[in-house]
1. Can you check what the Kirkwood hydrodynamic radius comes to for region 38-123, Cα pairs only, in Å to one decimal?
2. Which angle from 0 to 90°, rounded to the nearest 10, does the C-alpha axis of helix 240-259 make with the longest principal axis of the chain?
3. I'd like to compare 217-226, 189-198: which one has the highest average count of other Cβ atoms within 10 Å, and what's the full order after that?
4. Rounded to the nearest 0.05, what FRET efficiency do residue 142 and residue 220 have when you use their Cβ-Cβ distance and R0 = 25 Å?
5. Just the ratio, please: alpha-carbon radius of gyration of region 65-172 over 2.2 N^0.38 Å, N its number of residues.
6. With the contact rule set at Cα under 8 Å and sequence spacing of 6 or more, what percent relative contact order holds for the chain?
7. Using only DSSP helix segments of four residues or longer, with each worth -39500 (n - 2.57), what per-residue ellipticity at 222 nm results for the chain after dividing by its residue count and rounding to 500?
8. Compare the peptides 71-84, 431-444 by average per-residue count of other Cβ atoms within 10 angstrom and give them in order, highest first.
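A short reminder: the numbers here are calculations on the coordinates, not readings from a lab. On a predicted model such as this, the values are computed, not experimentally measured, just so you know. Here the Cβ is made from the backbone with ideal geometry for all residues, glycine too, and neighbour counts use every protein chain on show.
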């Protein structure tokens with residue numbers, strides 16, 4: 001007969017640790033920051049530039065106040081110094097810039113974005129960071145689909161920025177915020193007013209949701225549905241450059257997984273050599289058959305007029321090759337220096353459509369060297385963050401985490417995007433570069449380090465959500 005003892009050998013049962021309400025609110029604020037950053041042109045198109053600027057300033061002030069109150073533990077010696085040097089050089093361009101107002105405005109925007117990225121990286125763990133990014137991406141995807149559906153069904157026609165109905169059909173549909181193509185099979189633009197922007201955000205969402213699923217996050221069936229929605233929007237956006245970025249993401253992912261299978265010194269070297277040969281051969285083949293490739297992707301051989309833009313930008317940049325003409329990312333088309341300088345589809349162009357050429361125009365060779373160093377440092381650290389097995393003691397067989405794939409896959413997206421767009425230099429491109437570069441240096445091992453351990457102890461993260 002079983003007898004209950006008054007002296008049990010195990011601890012009495014207790015409720016699992018729960019997150020503090022303050023930290024839940026903090027994570028919610030980080031989601032808001034990510035939504036504002038990912039929205040890009042959505043806020044100016046919906047509410048106008050002054051309101052969008054006010055939201056940016058308010059988010060900056062709130063983040064600074066929270067940082068002052070919370071005082072998260074930060075190793076200040078381990079900042080992304082090359083990226084910080086690029087910011088300092090951009091600020092210094094105020095001395096010689098040819099467009100002082102544009103420089104002052106855009107460099108302030110870059111500082112606001114940088115502070116927001118550092119704040120999110122300082123107060124969230126790696127697991128929380130991916131979770132918050134997934135939440136923000138869900139908002140952007142759902143808002144894009146709802147806006148497209150509302151315009152197609154309720155509004156019944158294209159819509160101009162500011163929710164204005166056009167009085168007559170536009171000469172060029174580029175002026176529309178949403179073209180009402182959801183039901184007729186055309187390219188859709190979402191809340192961004194740009195198909196390329198929607199495609200890249202959808203691609204980032206596929207990466208983040210897949211990582212969450214691979215990490216055994218809760219509610220995986222719902223995550224699978226969100227992934228399908230992201231794939232649908234990616235296909236409907238019809239971006240050729242985003243398609244190339246998706247191919248590069250797959251190549252990088254397969255390479256990382258192969259590298260993780262190595263068990264002996266020297267094995268990776270052979271893989272690196274093999275992949276280098278394949279990459280060089282692939283680039284040579286792509287260049288040789290570029291006409292057929294672009295035709296397959298539905299684009300002209302000059303990348304939809306980008307080559308003409310590059311020629312004009314390079315010609316102007318060569319007049320001040322060392323320090324450049326002054327920082328302005330994006331170009332402020334109300335400034336006389338940019339208004340009417342390069343016209344595309346009847347509109348003044350707001351960027352060079354190439355990250356490296358844009359930096360050369362604005363900050364010269366010095367700026368190019370600094371941004372190249374920033375990206376090389378980021379790619380180097382994110383690569384080994386993904387391929388190296390986590391180890392901080394004698395245990396050498398700890399399992400890999402899917403979360404460590406996020407920085408290097410995001411880097412692949414940004415590098416490909418930077419070949420045809422300047423957007424990696426602003427909005428979510430710059431935000432994620434600073435965020436991941438900073439986070440990897442602060443916490444190179446998931447769950448280890450001052451910020452990771454402190455927050456894990458407060459929250460009691462579930463082990464299954466790795």
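1. Working: mean 1/r = 0.0687 Å⁻¹.
Averaging 1/r across every pair of different Cα atoms and inverting gives 14.6 Å.
2. 30
3. Details: 217-226: 14.2, 189-198: 25.1.
Descending mean neighbour count gives 189-198, 217-226.
4. Values: r = 19 Å, r/R0 = 0.74.
Using R0 = 25 Å, I get an efficiency of 0.85.
5. Details: Rg = 20.7 Å, N = 108, 2.2 N^0.38 = 13.0 Å.
Region 65-172 yields a ratio of 1.59.
6. In percent, rounded to a whole number, it is 24.
7. Numbers: 16 runs with 282 residues, N = 466.
Helix contribution divided over all residues of the chain: -20500 deg cm²/dmol.
8. Numbers: 71-84: 14.9, 431-444: 23.6.
Descending packing order for the listed peptides: 431-444, 71-84.
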